[in-house]
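**Q** I'd like to ask some things about the structure below.
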Amino acid sequence: MNHFEEYCTAFVQSVGSKEGAVSPAVINSASFAYGTPEIAEGIFDGSVKKPLYSRMGNPTTAKLESIMAEMDGGIGAVATSSGMGATTLAVMSLLACGDEIISVGGLFGGTYALFSETLTRFGIKTHFFDVDAFEAIENAINNDTKIIFLESVGNPNMRLPDIKKIAEIANAHGVVLMVDNTITPMSVLPLKLGADIVVYSTTKIISGNASALGGCVVFRAINDGEDKFKTPRYNFLTKFIKGAGKMALIPNAKKRAMRDFGMSANANASYLTMLGLETLPLRMDRILNSVEILAKELDKNGLIINHPCLPQHPHHERYLSDFKNGCGTLLTIDMQTKEKAFLFLNRTKLATLTANIGDSRTLALHMASTIYRDFNQDEKEFLGITEGLIRVSVGLENPKDIIEDFLMSAK
Ligand SMILES: *Cc1c(COP(=O)(O)O)cnc(C)c1O
């Protein structure tokens, strides 16, 4: 039985059209003609829903956005040029100089650099915590805290957060919870667990074949009654709530970030991403099965494997209770030394060595010498990067072939 039956129906039905071109139309125009000055005025004041200019929105991309919003149960979404574009759009739409972020869990390298380096240059401070440091997370919240940021699965430390509990902390203090759900689309539904904003790199499992760089941010609706977005902490939203009501987070993101930073998605990437969505549930389902088979078999053969399906993993219980639909395509192998890791990567005939994840093919990479090469020892320790660590993203191959190749490569 497929974990994701309902998405199989939803995705193929909403990507294809019942009339005219079945495959989504790629609208490759950077600009759009308005026809009359009255319509131009209406488009700019928001009363006429037509394309303004491709930096602010594109019809092909709009179709992708509506499917992504539906996947997560959001009110709307904004697609971006990359996953980092999505995170940048989402955070910059809520932050100003002097604000603070609380970052929870093992973090994607680019996001870690954005928070620890780049945003620091603009007077924005980030506090980093482990997923289980609930008390410290709560104690770190103050009047300047605008965002609690969380990754659904620690990449590559494979630690699993208690998203519900962290959402309860965020909600009790009226702070936004933003979840990077790149690794677990459909498996984890952050908005249903109490998060406010979800960010994706669609480059990974959503596209699935290294064909398109892209990202997407999904927003929840603003509530009719009380809402954390109506409190003084987010007072810059007042004018958008007045203008757009429950949709307010969309114009806020477009006008406070997209318009000026320009991390807009392009129509070709949006098209390819939709083709990926059509088969996402099938690919995800197969890979989730393969990951467990592979983790258990390699563990049985004496390799040091990090995946929460293994009973020795500190979050094994949480995996069984909160991650019934899997935790993505990753596992790590600790070969203990750089030399042994390199030997493995030179021997494997099956794995493709690249920094990507979530591909149709099995991918592998030595972490300390590549993505994390510029990080100091303390940072590497916090992020779980050891000298012999290889990250593996399992692909669609026959799991027997992957096991055979990996056991041969690890000899
Ligand atoms: C890859 C990745 C990103 C960044 O996405 P790009 O599309 O490469 O910009 C962000 N978060 C996670 C978890 C990722 O794996």
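The values are calculated or read from the model by the stated rules, or taken from the named source; none is laboratory data. Not measured: the values here are computed from a predicted model. As a convention, Cβ positions derive from the backbone with ideal geometry for all residues, glycine included, and neighbour counts pool all protein chains shown. Note: accessible area is taken over every heavy atom of the protein model, side chains too, but ligands, DNA and RNA are not part of it. Shrake-Rupley method; radii C 1.70, N 1.55, O 1.52, S 1.80 Å.
**Q** What is the residue count in the range 205-258 for residues that are surrounded by fewer than 19 Cβ atoms within 10 Å (Cβ to Cβ) and of a type in the set (D, E, K, R)?
**A** Residues flagged as surrounded by fewer than 19 Cβ atoms within 10 Å (Cβ to Cβ) and of a type in the set (D, E, K, R) within the range 205-258 amount to 9.
**Q** Out of the helices (runs of 4 or more DSSP H) lying entirely within the range 247-337, which hold 1 or more residues that are among the basic types (K, R) and at pLDDT 95 or above?
**A** So the answer is 267-300, 316-322.
**Q** Now for a different question. Take S93 and decide whether it is more than 30 Å from G395 (Cα to Cα) and either under 21 Å from the mean Cα position of the chain (by Cα) or within 16 Å of the ligand (Cβ to nearest atom) (or both).
**A** Yes; evaluated as a whole, the condition is true for this residue.
**Q** Something else: Filter the range 182-201 down to residues that are closer than 19 Å to L282 by Cα, hydrophobic (A, V, I, L, M, F, W, C) and open to solvent by less than 10 Å² (accessible area, probe 1.4 Å), then give me how many there are.
**A** Residues in the range 182-201 being closer than 19 Å to L282 by Cα, hydrophobic (A, V, I, L, M, F, W, C) and open to solvent by less than 10 Å² (accessible area, probe 1.4 Å): 2 in total.
**Q** Another question about this same structure. Six or more apart or on different chains, Cβ under 9 Å: which pairs go from a residue in the range 336-359 that's within 16 Å of the ligand (Cβ to nearest atom) to one that's among the acidic types (D, E) and at pLDDT below 95? Could you list them?
**A** Filtered contacts from the range 336-359: no entries.
**Q** Taking the range 120-152 as the search range and keeping residues that are outside any loop (DSSP other than H, G, I, E, B) and among the polar types (S, T, N, Q), which one is nearest to the ligand (Cβ to nearest atom)?
**A** Residue satisfying both the conditions and the ranking: T126.
**Q** Let me ask something else. Identify the single condition in (1) crowded, with 17+ Cβ neighbours inside 10 Å; (2) within 12 Å of A265 (Cα to Cα) that A30 does not satisfy, given that it satisfies every other one.
**A** Unmet for A30, out of (1) crowded, with 17+ Cβ neighbours inside 10 Å; (2) within 12 Å of A265 (Cα to Cα): (1).
**Q** Being more than 20 Å from A167 (Cα to Cα), at pLDDT 95 or above and in contact with a Leu (Cβ under 8 Å, 6 or more places away or on another chain) is true for just one of L119, L114. Which residue is that?
**A** Exactly one of L119, L114 is more than 20 Å from A167 (Cα to Cα), at pLDDT 95 or above and in contact with a Leu (Cβ under 8 Å, 6 or more places away or on another chain), namely L119.
**Q** Among the residues of the range 61-119, which ones are open to solvent by 30 Å² or more (accessible area, probe 1.4 Å) and either touching a Cys at 6+ places or on another chain (Cβ under 9 Å) or not in a helix (DSSP H, G or I) (or both)?
**A** Within the range 61-119, G73, I75, S81, A96, C97, G98, F108 meet the criteria.
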